[in-house]
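The structure under discussion appears below in the form of structure tokens.
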Amino acid sequence: MNETIDAVRFVIGLCLLSYAAYTDLKTREASDKIWLIMGIAGIILLLIERPDVMQTAISIAIAFPLALLLYVFGMGGADVKAMWSIALLSPLQPSFYGFPFFSSPIFVFPLTFLINSLLLVAFLPLFFLLYNATKKDISFPQCLFGYRMEAEKAKKTFVWSMERNDGSRGIMPVKDFNFEKAGNRKIWVTPQMPFLLFMSLGFFISYVFGDILFFLLSFLH
């Protein structure tokens, strides 16, 4: 029965996170109804399954303040709510029909889920480098954090400039950049990252593959 419940958790979590990621990509927003549905579904499944109370309580007690701490350091409000919802939906490491392939030694699933999601983000500089290399448009370090596009087009999309109004460049987003003044000039921009996309991918990987970090660390033994 526990395997079936974990399979249900996988389907619910993946469907809702994927939809949230889609809306995040389109509008950089996600409805609170998504997290409410996920949280209520999680509580119902916990009541049906009746897992280890102490481990469940510890997992939730770690995930909730951790999400708030990350919010202080710049995580979006929707990302925090996603973490809380995942903590209720799947507080403990799943095990269903042979998945995940590489189980984590830590029972706190929200921590595995978060680390996997962040590791996916860590690969972005390589992606940007390869993309810019195909365009033969390399300028370090900007090419590791974004790409160039026309300022006129950039102001209509979800990007921040990496160029300052005085013409200098950096890697930090310039949120008060004057796109009108730049005209049609190509500027270096960095996308406003839809972290919910990485969360949905991280959730899928966490359930199907397992813990990426401990898998990589296993090669050091």
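Nothing in this text is a laboratory measurement; each read-out follows from the coordinates by a stated rule. Keep in mind that this is a model prediction, so the values were computed, not measured. Cβ atoms come from the backbone with ideal geometry, glycine included; neighbour counts cover every protein chain shown.
Data table
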item	result
Highest average packing first - 127-136, 108-117, Cβ atoms within 10 Å	108-117, 127-136
At R0 = 30 Å, FRET efficiency that the Cβ-Cβ distance of Ser31 and Lys186 yields, to 0.05	0.25
Shape call, the range 1-131: gyration tensor on alpha carbons, a/c limit 1.5	prolate
Within the chain: Cβ-based charge dipole about Cα centre, in debye rounded to nearest 20 (Lys, Arg +1; Asp, Glu -1)	860 debye
The range 151-159 - phi-based ³J(HN,Hα) in whole Hz, Karplus 6.51/-1.76/1.60, Gly and Pro as x	4, 4, 7, 4, 5, 9, 10, 8, 9
Sites Asp166 and Phe123 - FRET efficiency at Förster radius 25 Å, r taken between beta-carbons, to 0.05	0.20
Of all DSSP beta bridges in the chain, antiparallel share, percent nearest 5	90 percent
Computed [θ] at 222 nm, deg cm²/dmol, the chain (DSSP H ≥ 4; -39,500 (n - 2.57); rounded to nearest 500)	-18500 deg cm²/dmol
Radius of gyration and maximum dimension Dmax of the chain, Cα, Å	19.9, 63
Length-normalised contact order for the chain - Cα pairs under 8 Å, 6+ apart - percent	25 percent
